[in-house]
């Protein structure tokens, strides 16, 4: 592939990823409205899919936000009875965030609504193209993960 053609592919990928982020943000607003939480709270709760406890530090790393930002989000979720903070059993210097029963119900609701919504979206993709879409998304995520790992400390 020559440079001119490769540059066109790079620009196309950048444009498509930007558009995908915009569409995902619009899709996420559906959940925010349905559950009645803020976007930041929604992003935080998504980290709890298939897990009921996370450390404050890990939440910050997953979301790419400051400790103060994590504290604000967790405080809001705690006031709503969705999470509770506890001193970590593994290291008493750290704070764990646990989902409450209400939090588990909300995360499960978000997960089910997500599955239903993505089922509707998948119906828009021809069955013979679905594997290709999944493969491409998995490869893209892998490539982004490699890039992120290589740029963590920069």
Problem set entry | Candidates 94, 52, filtered to the one that is under 21 Å from residue 111 (Cβ atoms) and modelled with pLDDT under 95 | 52
For this session: Might you let me know whether segment 106-117 holds any residue that is closer than 23 Å to residue 63 by Cα, surrounded by 14 or more Cβ atoms within 10 Å (Cβ to Cβ), in contact with a helix residue (DSSP H, G or I) (Cβ under 9 Å, 6 or more places away or on another chain) and free of Cβ contacts under 8 Å to residues at least 24 places away in the same chain?
Result: no
For this session: Only one of these is part of a helix (DSSP H, G or I), under 29 Å from residue 99 (Cα atoms) and modelled with pLDDT of 90 or more: 42, 30. Name it.
Result: 42
For this session: Scan (1) without any contact (Cβ under 8 Å) to a residue 12 or more places away in the chain; (2) in a helix (DSSP H, G or I); (3) under 17 Å from the mean Cα position of the chain (by Cα) for the single condition residue 6 breaks and write down its number.
Result: (3)
For this session: Being under 15 Å from residue 48 (Cα atoms) and in a helix (DSSP H, G or I) is the filter; apply it to segment 71-98 and report the residue that is farthest from the chain's Cα centre (by Cα).
Result: 78
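The values are calculated or read from the model by the stated rules, or taken from the named source; none is laboratory data. Since the model is a prediction, treat every value here as computed from it, not as a measurement. Quick reminder, even Gly has a Cβ in these numbers, built from the backbone with ideal geometry, and neighbours come from all protein chains shown.
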